[in-house]
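Peer 1: Just passing along the structure, written as structure tokens.
The values are calculated or read from the model by the stated rules, or taken from the named source; none is laboratory data. Keep in mind the model is a prediction, meaning the values are calculated, not measured. Accessible surface is based on the protein model in full, side chains and every heavy atom, while ligands, DNA and RNA are left aside. Shrake-Rupley method; radii C 1.70, N 1.55, O 1.52, S 1.80 Å.
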Amino acid sequence: MRPPWQARAAAGRTGRGRGPSAITTHHATTERPQSAHTRRAYAADWQAFSGWCAAAGQPALPATPDAVAGHLASLAGRLGPSGLRRRLAAIADRHRRAGQPWDPAQPLIRATLRDLVARQVTPVRPAAALGEAALRPLLARCGDDLAGRRDRALFLLVQATALRRAALVALDREQLRFTAAGMVVETAQGALELARAPDSDRCPVRALEAWLRQARIDYVWSRDEVVRVNLES
């Protein structure tokens, strides 16, 4: 059986005289501000897509449905569902910012994405937990200076969440939300909730919050509503 980006290729064309793309004009009337993390991620995704288009002899801007579907298909086995959706969001964002036609409901693209997600293109392997025996010497090497407090907080966070190195490095402050009960960490795989531990010396929530305060980095704290704690002034 042919994959949907080939079998449904006709769905991306609407007749002669209108070019190879059936993408219709769609501009968002309002745009939510993007975090620095999102901007960096979208820039990297767009660079990957435009490079693929150049190698395939396809225009990247504006892109045809066939090109977008083909690019998504080329990522099978390399990106999971969240990565595929982010790549598509980055392509859509670049078109809208450039004033180019973009239809988020284009049948060929949606069918390709649905097929790839249904097949769970990249099974997530559980990361090995950072055990107590390995954690103790790491914490012992952390000094009392700002860098040491940061490293201690990150080591405790890794033990509590089993985040992989790439996910840990990619974390930005906008993905952290502190509450009276603990902390929520927004990752590509979903939200992780951590409670404040009774032992303050081994609590990743308290360690991260203390480091952010000492480094004078503003962060989000919420009780009934989200409040940004600004420490830069």
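Peer 1: Per residue, how large is the accessible surface of the stretch 41-103? Use a 1.4 angstrom probe and give square angstrom.
Peer 2: Using a 1.4 Å probe on heavy atoms only, each residue of the stretch 41-103 averages 41 Å².
Peer 1: Out of residues 5 or more away from Thr187 or on other chains, whose amide H comes under 5 Å of its own, with H placed 1.01 Å from N in the peptide plane?
Peer 2: Leu192
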